[in-house]
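The values are calculated or read from the model by the stated rules, or taken from the named source; none is laboratory data. Here the structure is a predicted model, which is why all the values come from computation and not from measurement. Note that each Cβ is placed from the backbone with ideal geometry, even for glycine, and that neighbours are counted across all protein chains shown. Protein only, heavy atoms only, side chains kept; ligands, DNA and RNA dropped before computing areas. Shrake-Rupley method; radii C 1.70, N 1.55, O 1.52, S 1.80 Å.
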Amino acid sequence: MKGWMGKFKSLFLLSMLALVLAGCGKENLTALVPKGYGAESSMNLIILSTVIMVFVFLIVILVYTIVLIRFRRKKGQEGYIPKQVEGSKTLETVWTIIPIILVVTLAVPTVAATFDLADESASADGINIEVTGHQYWWHFNYEEEEFATSQDLYIPVGERVYVHMLSSDVIHSFWVPSIAGKMDVNPENVNTMYLEAHEEGVYWGKCAELCGPSHSLMDFKVIAVSPEEYDQWVSDMQNADPEEEPQDAVAQDGKALFEENNCMSCHAIGSAPSAVGPDLTNFANRSRIAGYLEPTKENLVDWLMDPESLKPGNKMTGAYPALSEEEADSIAEYLLQLEHSEITPESAGGL
Amino acid sequence: MSIAATQKRGFGAFLWDYITTVDHKKIAHLYLFGGGFFFLLGGLEAMIIRIQLATPENDFISAGLYNEMITMHGTTMIFLAAMPLLLGLMNAVMPLQIGARDVAFPFLNSLGFWLFMFGGILLNFSWFMGGGAPDAGWTAYAPLSTQSPGHGVDFYVLGLQISGAGTLMGGINFLATIVTMRAPGMTYMRMPLFSWATFITSVLILFAFPALTVGLFLLMFDRMFGSAFFDVALGGNTIIWQHLFWIFAHPEVYILILPVFGVFSDITATLSKKRLFGYTAMVFATILIAFLGFMVWAHHMFTVGLGPVANSIFAIATMAIAVPTGIKIFNWLATMWGGSITINSAMLWTLGFIPSFTIGGMTGIMLASAVADYQYHDTYFVVAHFHYVIVGGTVFGIMAALHFWWPKMFGRILHEGMGKLTFWLFFVGFHLTFFVQHFLGLMGMPRRYWVFLEDQGLDTGNMVSTIGAFLMAVGVVIFLINVFYTWAKGNKAPADPWDGRSLEWAISSPPPYYNFKQTPLVRGLDPLWVEKMEGKGEITPAEPLGDIHMPNSSILPFLISLGFTIAGFGFIFQVDHSAYLILVFAGIGLALLSMLIRSLKDDHGYHIKKEELEREAD
Amino acid sequence: MSHDHSLNPETMPQEPEKATLEGRNKFYGLWFFLGGETVLFASFFGTYIALRNSTAGGPASTDLFGLGLVFAMTMILLTSSLTSVYAMYHMKNNDFKKMQLWLAITAFLGLSFLALEIYEFTHYIIDYGFTFRSSAFGSAFYTLVGFHGGHVTFGIAWLMALMVRNAKRGLNLYNAPKFYTFSLYWHFIDVVWVFIFTVVYLMGRVG
C-alpha cells in the first residue's frame, strides 16, 4: 500500500511544482496579471474572496485533522459507544454567525464594484466603438471617426473606451482577460462595457460563449497604444486610400483576382460597408491571420485555398471559386500590402 | 430476491420480471444499472475530451465532433447518470427508512424509470442517425441551438423531454410516499436525513423541471414548427431560453447535491457511532438551501447584461447559500467529534468529500462575486468549480452510498480492498484533473474550447489534467471489477453490517419483497438505535401479523414509454418528410391506448396471506 | 380488506375520496402535480409577458382581442367549475346519479368553451392572418392559450372516460378518489384561465 501511495504523492507534488513554474500564464492573456481597470477590479475581489475562503478552508481542515487523529476507532474499542450528543446551540450559532459576517465582507465590495463597472454615464465624452460578433470574427466600427476595422481593436492607453456590442448571429462573449472581464454579445440588444488599459501592449481577446465549431479559434487582439499614437492611427485609417494600386505586378494581379472573384461582396476595403467577412483595409498590419495564425504569406495562402481546414464552419468556405496556388499567392501578395499606418501591433510591442 | 436467486429462473423470465416490475427495490436496481451505464458512456466522452486537450492544437477529434462530445458528456452526466443513480438510491432506501412497504405509486415508479431510460436511449441514437449528436452545449443556448444544423438538437429536445417527464413522476411519487406512508411514530422530525433529502429534492424536481419542459417546448416549436420565440428577426428573444434553462438548472444542481448531503449525514452518524449533531439544524439547512436555490438562477447570467441591480441582488442571494452549507459541513465535523470512527470504503468517500466539496463550495462563493465572475465566467475556472461540486459532492456521495447500502440492496458486501483502491485512485485523479483547471481558467482558457493555442502557458496544466482523468478512469474500472467480483463471490451480507441506526437495517439483506412483515413502530430518531440501546435489538411491530396488500406487475409502463419514444423519433424526422408523422400518431396512439387500459382495467393488486408469511418465518 | 368498496349510506365515510391509502395518495399526488403545473404555466406566462409586444410589424393584441367572446368563455369555464363542485357535493352524499348528471353538465360546458376557443383562433388566423409563425407574440400567444386549451381537452377526455367506465358500477371507495382528483384538476384549469383572461386579454386591450 505505502509504495504506490508514495508514488502518487510524488507525482502530485511534481505536477504542482510544474504548475508553479508555469507561473501565472502568458503575460498578455492571463487575468492574474491585470493590465486594465476592469481586470484590476475583478482581481481585487478574486484576492479578497480567496483570502476569506482559504481562511475558512484552513479552519475546516484543522478540525477535520483533529477528528481523524483523535476519534478513529482504536483496537479494543469494538464495544465502545460514544456519548450521543444532540447538538449545541452555542456552537451552531457560532458557525452560523461567522459565515454571515464573512459573506457580508465579500458582498459589500462586490456590489460597489458591480455598480462601478456598469457606470456608462461618461460615455458621451469617451471613445465609442461598435463591436459586432460574427461566426467567427470580430468587427470594430469607429463610428464617430467614420472608419472600420476587424480583428485588431486599437485603443489608447489610460482612456475609457466604451464598446457597444451586438451579435449578427449567435451569442458570443467579448473577453480580454488582461484588461477587463467579459460581457456577452447578444443578437437582440446592445451591451456596453468599457475598457481602460493601463499599459501599452498587444492583448489577446477570446470569445467566451460557445458559438459553433470554431469557437476556440475566434480570437482577437486589443492593441493599446499611447494617446498620440492612437490619434495618429485614427488619422491614418481615415486617410487610407483603398483604390491605391500596388507597386509590383504580382500584387496587381492579386488585386485584379480579388475583384474578379468578387471578394468585395463580403470583405470591405476602405469605406465599403460590406461586413459579411472581416474588413481588410489594414490587413497587412494584422497581428494574426484568421485570428490565430502567424501572419506569414504561407499561412495566408493556406487560408485562401482551404479555409475550412483552418477554421471549421467558417462562412468563407465555398463562397468563392476554388483558387490555384498561384492565384492564392497573388491575392496574398496584394493583401499583405494593405497597410496605411506606422502604428502596428509590432510598434505596440508585438504579441 | 437477489439477482443471483432470480438468475436461476432463466434469462427470459428474469428480463420479463424486471421489465414489468413495480417493486421499488427492483426499480432501484434498474435505475442503478441504467444510470451506471450512462455514467460509463459519459466517462468515455470525458476521456475523449481530455485526450483532445492533452496537448495544444491537437486534432484527435474534429471541432464539430468535439462540440458533440462536450454536449453529450454534460447532458449524459447530469440527466442520465447522476440523477438516475440518485433516484435509484432513493428508491432503494427511502421506503425502507420510513418503514413503508412500497412507494405511493408503484406503477408510476416503473413508468418514471422507463421514460428516463427510453429518453436516454433516444438521445444517444443521435450518434448514429440524423447527422450527429447535439452540439450546442448541455445548456443549448439559443440561437446556437435553434440554428444548429442536422437533427442533433432535436434529439436533445425530445430525449430530455421524455426523460424529464419520468423524473417529474419520480419526484411526485416520493413526495406522496413520504406524506402518506410513514410508519406509525415516524414523524417528520424523526426521518433519517437521507429521507429528508429525498423529500426536499422531490420538491425541487417538482418545481424546477416544468421550467425546463417549457424551455424545451419553445425550442422544439422553433426548430420544428416555425415559431419565433428565439428568432430575433420576428421579435424573439434568446435570453428567455437562458432564464428558463437556469430557473430549472440551478435547482437541478441542488437536486444533485442535497440527496448526497443526506447520504453523508446518515453514513457519518452510523460509522461514527454517534447521533447526527444538530439534526434540526441539518433539516432546516436543507430546506433553506432548497429555497434559496430557486432565487439565484441569474448568477449564471452575470455577463448577459442584466444590469448592476439584478447582478447585485443575485450575487448576494447566492452568497447567502454559504451559510446553511457551512452549517452542514461543521455539523458533520461535530458529529465525528467525540465519535468512534470506522474507516471503511463508505467512510473514505465521506471523508474525501468534506475537503473536496468545501473547495467546490468556496469557489461557488467566489463565483457569486459578480465582478470577479466577469473573469471566471465560461472559463475553466467554472469547469473546475462545478466538477468539484458534482464529482467531489455528488459522485463521491453516490460511491459512498453504493458501498454503504450495497449489502442492503444486493445482499453482498463489496470487497473492501478494491473499494479503498478505487477511492484513492479516484480521489487523487480527481484533484489532479480539476484543481489545475481553476488556474487554467484564470490564465485565459475559456471552456468548451476545442483547441488551446501553443505558447499561451496552458500546456502543463492541461497535461496534468489529462493524467488525472486517466487515474479516475482506472479507479472506475477497478470499481467495476469489484462489482463483478462481489456479484460472483462476495461475502454474504448480514442484516445489519454497519451497526446501523435506521429502519432499513432492521430487516434482512436484501429485504423481502414486501419489506416489513409487520409495519414497524417508531419510537424516536434513529429507531433501530433506540431499540438497541434498550437491549432489544429489533423493532417493535405496530400491528399484528396480517395479510399484506401488494401491487401487480405491469408491462404498461414499458409500453407507454416505448410509445412516446416512437413518437419522439417521429417528431424529429417529420421535419424531413411528413410521412414520419405516422410514427408520431402510432407512438402517441400506443401510449394513449396503454394509458386507457391502465385507467379502465381495475387493478386491485393481490394479498399475501398471513399463513404464507408465517410459513416463511420458519 | 375486501375488494368491494361500494357504498351505501351506512358504510359511507365522511370523505370517501380520502378514506383509503390509495385515495390519500391520489389526493396528495394530484396536488403535487398541480404544483408542478403552476410552474409550467408560470413559465409560459413569463415568456408571454416578455414577448407580448414583439409583434414584428404584424397584428398586435390591441388589434385582435375583443372582450365579448372571451368574457363568455370565462363565464362558461367558471360555471363549469361550479357544476363540478355540485358533483362533488353529491358524491359526498352518495348520490351517484346526481353526481353523474352534474359531471355531464361540466363536460358539456368544457366542450362549449373549447368550441369557442377554436372559433376564436380561426377568427384570428383567417381574418387577421395572425398565426403561430407571424411573430414572437403570435408564438407566445398560441402556445400559452393553446396549452391551456390542451389541458381542457385532456380534462374532458379524462372525465368522459371516468363517467363511462363507472356508469354501471356506481360509486365506491376505489373510484371516488378518481372523481375527486378530476375535480381538483378542473378547478386548476379554471384558475389558470382567470390568469389568462387578465394577463392576455385585459392587459392586451390596454396594450
Handout entry: For residue B:575, solvent-accessible area (1.4 Å; no DNA, RNA or ligand), Å²
Key = 70
Handout entry: Within straight-line cross-link reach of residue C:92, aspartates and glutamates at Cα separation under 20 Å, skipping those fewer than 8 residues along the same chain
Key = C:4, C:10, C:15, C:17, C:22
Exercise for the section: Obtain the nm distance between the two label points defined at residue B:513 and residue A:189 by a simple spin-label model: each point lies 7 Å from its Cα along the Cα-to-C-beta direction. Expected result: 5.8
Practice task
Give the long-range amide H neighbours of residue A:182: residues separated by 5 or more places, or on another chain, with amide H under 5 Å away, using H modelled in the peptide plane at 1.01 Å from N.
Solution key: B:375
Exercise for the section: Determine the distance separating the Cα centre of the range B:559-598 from the Cα centre of the range A:103-141; give it in Å without decimals. Expected result: 49
Practice task
Just list whichever of A:83/B:25; B:25/B:489; B:610/C:178; B:26/B:517; B:328/B:492; B:25/B:273 have alpha carbons separated by over 24 Å in the model shown.
Solution key: A:83/B:25; B:610/C:178; B:328/B:492; B:25/B:273
Completion exercise
Residues of the range B:486-521 with backbone N under 18 Å of the label point set 7 Å from the Cα of residue B:616 along Cα→Cβ are B:495-496, B:504-521
Fill in the blank from the handout: Check: C-alpha center the range B:451-478 vs C-alpha center the range A:181-254, spacing in Å is 33
Handout entry: Accessible area in square angstrom per residue, the protein assembly as shown, 1.4 angstrom probe
Key = 36
Handout entry: Accessible area buried at the B-C interface, both sides summed, 1.4 Å probe (Å², nearest 100)
Key = 3000
Handout entry: Low-density loop positions, chymotrypsin sites (Phe, Trp or Tyr not before Pro), the range A:58-154 - DSSP coil, at most 14 other Cβ in 10 Å
Key = A:80
Completion exercise
Shielding of A:94-107 by other chains, given as the mean Cβ count within 10 Å, works out to 5
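So if we plug the beta-carbon distance of residue A:44 and residue C:86 into 1/(1 + (r/R0)^6) with R0 = 45 Å, what FRET efficiency do we get, rounded to 0.05?
Calculated value: 0.10.
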Problem - Listed residues A:283, A:220, A:57, most fluctuating in chain A (Gaussian network, C-alpha, under 10 Å) - result: A:57
Completion exercise
Quick calc, residue B:487 & residue B:62: beta-carbon distance into FRET formula, R0 41 Å, rounding 0.05, result 0.55
Fill in the blank from the handout: Residues of the range A:312-351 with backbone N under 16 Å of the label point set 7 Å from the Cα of residue A:159 along Cα→Cβ are A:343
Practice task
Quickly work out the residue A:27-to-residue A:168 label distance, labels modelled 7 Å from Cα along the C-beta direction, and quote it in nm with one decimal.
Solution key: 3.6
Exercise for the section: Please state, to two decimals, what the Cα-based radius of gyration of the range A:126-351 comes to when divided by 2.2 N^0.38 Å (N = residues). Expected result: 0.96
Practice task
Send over the Kirkwood Rh of the range B:555-602, from the inverse of the averaged 1/r over different Cα pairs, rounded to one decimal Å.
Solution key: 10.7
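What chymotrypsin sites (Phe, Trp or Tyr not before Pro) does the range B:222-256 have in DSSP loop regions with at most 16 other beta carbons within 10 Å?
In loop regions of the range B:222-256 (DSSP not H, G, I, E or B), there are no sparsely surrounded chymotrypsin sites (Phe, Trp or Tyr not before Pro).
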Practice task
Between C:38, C:79, C:11, find the one with the highest GNM mean-square fluctuation for chain C; connect C-alpha pairs within less than 10 Å.
Solution key: C:11
Handout entry: Whole-Hz couplings from phi, Karplus 6.51/-1.76/1.60, listed for the range B:508-513; x for Gly and Pro
Key = 5, 10, x, x, x, 5
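How large a share of the accessible area of the protein assembly as shown, in percent, is made up of carbon and sulfur atoms when the probe is 1.4 Å and the other protein chains stay in place?
Of the solvent-accessible surface of the protein assembly as shown, carbon and sulfur hold 65 percent.
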Completion exercise
Put B:272, A:123 in order of accessible area, largest first, probe 1.4 Å, and you get A:123, B:272
Practice task
List, in order, the whole-Hz ³J(HN,Hα) value for each residue of the range A:218-234 obtained from phi through the Karplus relation with A = 6.51, B = -1.76, C = 1.60 and θ = phi - 60°; use x for Gly and Pro.
Solution key: 8, 7, 9, 10, 10, 10, 9, 10, 5, x, 5, 4, 4, 4, 4, 4, 4
Practice task
Per residue of the range C:34-40, in order, report the coupling 6.51 cos²θ - 1.76 cosθ + 1.60 (Karplus, θ = phi - 60°) as ³J(HN,Hα) in whole Hz, putting x for Gly and Pro.
Solution key: 5, x, x, 4, 4, 5, 4
Practice task
Please say if the protein assembly as shown is rounded, prolate or oblate, where rounded means a/c under 1.5 for a ≥ b ≥ c the square roots of the C-alpha gyration tensor eigenvalues, and otherwise the choice is prolate for a/b larger than b/c and oblate otherwise?
Solution key: oblate
Handout entry: Theoretical FRET efficiency, 1/(1+(r/R0)^6), r = Cβ-Cβ of residue C:75 and residue B:187, R0 35 Å, to 0.05
Key = 0.15
Exercise for the section: Evaluate the distance, in nm, between pseudo-label points positioned 7 Å from the Cα of residue C:111 and of residue A:81 along their respective Cα→Cβ axes. Expected result: 6.9
Handout entry: the range C:65-116 and the range B:514-558: distance between their alpha carbon centers, rounded to Å
Key = 45
Handout entry: Residue (of B:527, B:90, B:393) at the positive-pole extreme of chain B, dipole from beta-carbon charges
Key = B:527
